[in-house]
Every structure is written in C-alpha cells, then in structure tokens.
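J.: Can you keep this structure in mind? I'll have questions shortly.
Taken together, the values in this text are just the output of simple stated rules run on the coordinates, not laboratory data. Keep in mind that this is a model prediction, so the values were computed, not measured. Positions of Cβ are generated from backbone atoms using ideal geometry, with glycine treated the same way; all protein chains shown enter the neighbour counts.
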Amino acid sequence: MPPTPLQQLIIERIQRNGPITFAEFMRMALYMPDYGYYVTGPTRMGWQGDYYTSTDVSPLFANCMGRQLYQMWEQLKRPSPFVVLEQGAGRGHLAEGVRCWANHHSREDDFVAALDYRIGDLRMGQDAVAENEPSDATAQPHVILSNELVDAFPVHVLEKRNARLYEVYVHVQQDRLSEVLDEPSSPEVADYLDSYHIPWLSFNDGWRAEVNLAALRWMKCTARLLLGSSPRRKRHGFILTIDYGDRARLLYTRHRPRGTLVSYFQHQLTERPLVRPGEQDITAHVNFSALIGEGRKQGLRLHKFTTQRLWLESMGMDDELERLRTHDFAMAETQRSSNQGQIALLKWYDLRQRAATLTDPASMGNFKVLILKR
Ligand SMILES: C[S@@+](CC[C@H](N)C(=O)[O-])C[C@H]1O[C@@H](n2cnc3c(N)ncnc32)[C@H](O)[C@@H]1O
C-alpha cells in the first residue's frame, strides 16, 4: 500500500524530530488541517460513511433530547433566550431533530420561542478543547451538550512491562510507522492511572490503557464556558455528554488487556490505528470518572450518570413508541391485509428495530449519559 499524503508528512516529521507520542500521532491523523480525518468532510458519517451515531439510527433520540432540554429549561426557571450549545455537532442532525421536536411536539410556545440552539464543530473552526468566551452575555450557554465527542480526542497509550508503565510512541521503521515503548512523556501521563487507584501493577505484562488528557482540558474549558468568567455572569446550567466508556475502575481492568483503542474504516472495526492515517477514525472509550472529577474541580455537581438505555426510558421513549403504535401505525393492526396496512406494519417494525438498537445493552444502550450541573 503506497503511503497516504498524511502518512508521508508524519514519516518526514518523525525522521526529522524523532518518535512522537501516540496522542500526537492521533492528533495529526484526526485533526491536521487539510488532511485529518475529522477536517476532511462529512461524508464519513452516517450509514454510507465509516460510522453512524444515535442520531442516524432514529429520530426518537433527538425527541428524547428535546424532552431533556425542556426539563432543563423548566429547572432553570424558563430563561429566554434559552441558549443551548452542541459541541462536535457533525452535520447538525441532532440540532435539526430537536428543533423539529420543539416545533411539532413540545406544545409549549414559550419553549419554542426561547430555544436558541447553536452548533459548533471542529470542521467549522470551533475547537471544543480551547478556551472559548462568548462575545456577549446573551450568548452564554445554559446547556452545553455533546454526543460522541470526547471519544475522538487524542489519547496517550500506556503499556505495563516488568512492573513499570511505559508509553507507546510512534516511530518509523523501514519507511513504515511502527510502535516503540519509552518513558511516559509527562508526569500527568505517568500518574494518571494511580490517580484513579487502578491496580495496574497486578495486571499481566502487555496490559494497555489510554490516557485522555484532552478530555480533562475539555471539561475545564466547557465548565468555564458554562459558568462565565465574570462573577456577575455566573449562573445555573448543565453540561450533558453522551459517549461510550465507564467509570475508571470499570474501564481499566485486567479483562481489557489491550485497552479500548479501535479504528473504523467503512464500518469495519480494525485494530491497526497506524495504517491509513487521515482515512480512518480512531477512538477510545471515555473515562467518565475523569470528567466527573474535573467537573467538580470547576464547581459543578454530578446530576446524573446513567446508561443511554435508562436515560431514553426516563425521557419517555417507550411511551412515545406506544403512542406511535396505537396512533400513527394503527393501520398495521386494523388493516393488516391491505397494502397500506402492510406498509404501516413494515414502517412500524423498522421504527421498533431502530429503538431497540438505541437501547441494546450490548452496544448503544450501554453508552453513558453524564449530566453535570451548577
Ligand atoms: C463521532 S462524530 C459525532 C457527530 C455528532 N455529534 C453525532 O452524534 O452524529 C464526532 C464529531 O466531533 C467533532 N470533533 C472532534 N474533535 C473536536 C473538537 N476538539 N472540537 C469540536 N469538534 C470536534 C468531529 O469533527 C465530528 O464531527
């Protein structure tokens, strides 16, 4: 396989300056201007691309998000405007779905009028891991939400060998990218697992773990964006983030001997993140203990930490399905033998199957929903 243009750039840089951390490799592979996976176009998302998200699976997801935002609006005493910022919004489909739910289903004109839903994405030049200050007080968000954002941040990778932790670096061997182990690149990386009391010393040699320092920076920046810098502008609000991952003690276990880092290329999961840089997605599970801990440091409180399945249930997805079955798809029951009845039945099966995908405990249903509050 001839090297991709980005692979060539990475090789040249390593030949010039020496090995780079895996996090730096991942940053270049995903975010390098003009070449990185996330900066070179939306065609990779959705059913045709490399991956799909809950928003692609079913509109019921956006409807639940709409109901969640409505609840938050009420808890915040119905501010107007009610500014919601979605970070890493991709093609903006969740935003469209929420606006559609608000217009057609919320039956609350004040909410529709107040909702000011804004989106940002790295591809629009809005980096969620950078200090962002709204230009005026009215743009300060009440809610900052994200779906499958934090798993895309660059991670450092540690490997245990002979009672020590080494870091994985990317090096060039015979004109190909390869891994090499060396001392951890910083004290933060070296001490990360100990700060969550992970008993890595008792794990087998070759055990690996990812360290997402960018997630800590993101929480810090996002909390500050929510709280505002001027004491007069500090107010109540929420950060909501959904992703795959878990608390540290359930994420970093002996049962995951090679960590959680994976790559996706055209819906195929691969465990070769060094091949095709810029052309495949690379992700790692999120350490939610880190987000909760950093949020607390910034003055936020834990409001909810649950699975996507339970969150969707608590946001009334089952009730909505039942309402649709007895109302919109009644024909599937009453006129089964007619063509229209058959079409309604097939559409109903499709909707129900998609809802089951969102709540499947073996995949999306086990995603975690974290809500921090102030
Ligand atoms: C897996 S996609 C999820 C897209 C969308 N949230 C959804 O649920 O369909 C991750 C998105 O995060 C964006 N992204 C990654 N890193 C980012 C960053 N540091 N700041 C802002 N957006 C980022 C990517 O460009 C991409 O659109």
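J.: If you take the beta carbon distance between Arg16 and Asp360 as r and set R0 to 35 Å, what does 1/(1 + (r/R0)^6) give as a FRET efficiency, to the nearest 0.05?
T.: My answer for the efficiency is 0.15.
J.: What is the count of Lys pairs in the chain whose alpha carbons sit under 20 Å apart, if the two are 8 or more places apart or on different chains?
T.: The result is 13.
J.: In addition: Which one of Ala209, Thr222, Ser185 has its Cα pushed farthest toward the positive end of the charge dipole of the chain, where Lys and Arg give +1 and Asp and Glu give -1 at the Cβ?
T.: Of Ala209, Thr222, Ser185, it is Thr222.
J.: Rounding to the nearest 20 debye, state how big the charge dipole of segment 317-359 is about its Cα centre with +1 on each Lys and Arg Cβ and -1 on each Asp and Glu Cβ.
T.: 200 debye
J.: Going by C-beta contacts inside 10 Å, put Val369, Val57, Val98 in order with the fewest on the left.
T.: In increasing order of surrounding Cβ atoms, one gets Val57, Val369, Val98.
J.: What area, in nm² and to one decimal, does the C-alpha convex hull of segment 317-359 cast on average over all directions?
T.: Spelled out: convex hull of the Cα atoms, projected over all directions, averaged, 2.6 nm².
J.: A further question on this structure: Using only Cα atoms, tell me the angle between helix 93-104 and the longest principal axis of the chain; keep it within 0 to 90° and round to the nearest 10.
T.: Around 20 degrees separate the two axes.
J.: Rank by packing, highest mean first: peptides 258-264, 346-352, with packing defined as the count of other Cβ atoms within 10 Å averaged across residues.
T.: Ranked from most to least packed, the peptides come out as 258-264, 346-352.
J.: Could you give the length gained by full extension between Asp175 and Lys220, i.e. 0.36 nm per residue of separation minus their alpha carbon distance, to one decimal place?
T.: Stretched fully, the Asp175-Lys220 segment lengthens by 12.3 nm.
J.: OK, next. Of the beta bridges DSSP finds with both residues in the chain, what % are antiparallel, to the nearest 5?
T.: Within the chain, antiparallel bridges account for around 65 percent of the total.
J.: Right, next: Neighbouring Cβ atoms within 10 Å as the yardstick, rank Val155, Val83 fewest first.
T.: Val83, Val155
J.: In addition: For the pair His303 and Glu183, how long in nm is the line joining their label points, each one 7 Å along Cα→Cβ?
T.: Here the modelled spin labels are 4.4 nm apart.
J.: For the chain, what is the calculated [θ] at 222 nm in deg cm²/dmol (nearest 500), taking -39500 (n - 2.57) for each run of four or more DSSP H residues and dividing by its residue count?
T.: -11000 deg cm²/dmol
J.: Sticking with this structure for a sec: Going by how many other beta carbons lie within 10 Å of each one, how would you line up His197, His303, fewest first?
T.: Neighbour counts put them in this order, fewest first: His197, His303.
J.: Once fully extended, how much extra length lies between Thr138 and Asp205, figured as 0.36 nm per residue of separation less the alpha-carbon to alpha-carbon distance?
T.: Full-extension gain reported as 18.8 nm.
J.: Also: Could you give the length gained on full extension between Thr326 and Arg99, defined as 0.36 nm per residue of separation minus the Cα-Cα distance, in nm? Write out the running numbers ahead of the final one.
T.: On the way: separation 227, 0.36 × 227 = 81.72 nm, distance 2.47 nm.
Between Thr326 and Arg99, full extension yields 79.2 nm more.
J.: Please give the charge dipole size of the chain, origin at the Cα centre, charges +1 on K and R Cβ atoms and -1 on D and E Cβ atoms. Round to the nearest 20 debye.
T.: On the way: 45 positive and 45 negative charges, 182 e Å.
With Lys and Arg at +1 and Asp and Glu at -1, about 880 debye.
J.: Which whole-number percent gives the relative contact order of segment 317-359, counting Cα pairs below 8 Å spaced six or more residues apart?
T.: That works out to 29 percent.
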